[in-house]
Amino acid sequence: MAVPKGVIELALRRILNDEHPVLRDRAREVKNINSAVQRLIDDMIETMHDADGVGLAANQVGVPKRIIVAAAGEDEVLILLNPAFEALDDEEPGVEGCLSVPGEYGEVPRFCKIRVAALDRQGKKIAFEAEGLLARILQHEIDHLNGILFIDRAVRMLDPEELKSEDES
Ligand code: ZN
């Protein structure tokens, strides 16, 4: 559902860039799913949508907790606490960018298919398989929780000319 801008109060959080040390630390397990955590999750979703992102980790907004949100289709957002994954298939390179590394894109190998285990926002254990773009997004976001950025894993960065042709295609 679309909400007219200005009618609800958005709680956007500032997205930190890759020079901030919180992006290089291992985020801590969520143990107590309290109202502050619920508020943080709502803010992360708003912030991700506002930035036209497809995923966001809590430490990108300065909170070193193991929480990620990820776009899982048109209107669906996955909310995962303490996520972990195992690979179910080989790696394949694909182009990635990051809200914390604006304007840069690189080719990053990721597992094509993974099994994810996590808690949902109520603290219930969930497990599911993901493939393709969603698998890529989740691996990127879980990396954030371990202090790893896509630029660490990129086999090569795209130059501005390539970015232009990507936009046109
Ligand atoms: Zn990122």
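Tabulated values for the structure
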read-out	value
Residue that is farthest from the ligand (Cβ to nearest atom), among those in region 144-169 that are of a type in the set (K, R) and either modelled with pLDDT of 95 or more or in a loop (DSSP other than H, G, I, E, B) (or both)	R156
Checking E141 against (1) open to solvent by 40 Å² or more (accessible area, probe 1.4 Å); (2) of a type in the set (D, E); (3) within 16 Å of the ligand (Cβ to nearest atom); (4) in a helix (DSSP H, G or I), the condition it does not meet	(1)
So V101, is it over 16 Å from G132 (Cα atoms), touching a residue at least 60 places away in the same chain (Cβ under 8 Å) and open to solvent by less than 50 Å² (accessible area, probe 1.4 Å)	yes
Answer from A70, A57, A87, A51 - the residue that is open to solvent by 30 Å² or more (accessible area, probe 1.4 Å) and under 23 Å from A130 (Cα atoms)	A87
Filter result (surrounded by 14 or more Cβ atoms within 10 Å (Cβ to Cβ), more than 15 Å from the chain's Cα centre (by Cα) and either farther than 17 Å from P83 by Cβ or touching a residue at least 40 places away in the same chain (Cβ under 8 Å) (or both)) within region 25-36	V30, I33
Those residues of region 61-83 which are hydrophobic (A, V, I, L, M, F, W, C), part of a loop (DSSP other than H, G, I, E, B) and farther than 22 Å from D18 by Cα, in sequence order	A72
Residue match in region 82-98 (condition: over 15 Å from I137 (Cα atoms), touching a Gly at 6+ places or on another chain (Cβ under 7 Å), within 16 Å of the ligand (Cβ to nearest atom) and at pLDDT 95 or above)	no
Filter result (aliphatic (A, V, I, L, M) and within 12 Å of the ligand (Cβ to nearest atom)) within region 41-57	M48, A51, V54, L56, A57
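The values are calculated or read from the model by the stated rules, or taken from the named source; none is laboratory data. These numbers were taken from a predicted model, which means no experiment stands behind them. Note that we place each Cβ from the backbone using ideal geometry, even for glycine, and neighbour counts take in every protein chain shown. For the accessible areas, the whole protein counts, side chains as well, though only heavy atoms, and no ligand, DNA or RNA atoms are used. Shrake-Rupley method; radii C 1.70, N 1.55, O 1.52, S 1.80 Å.
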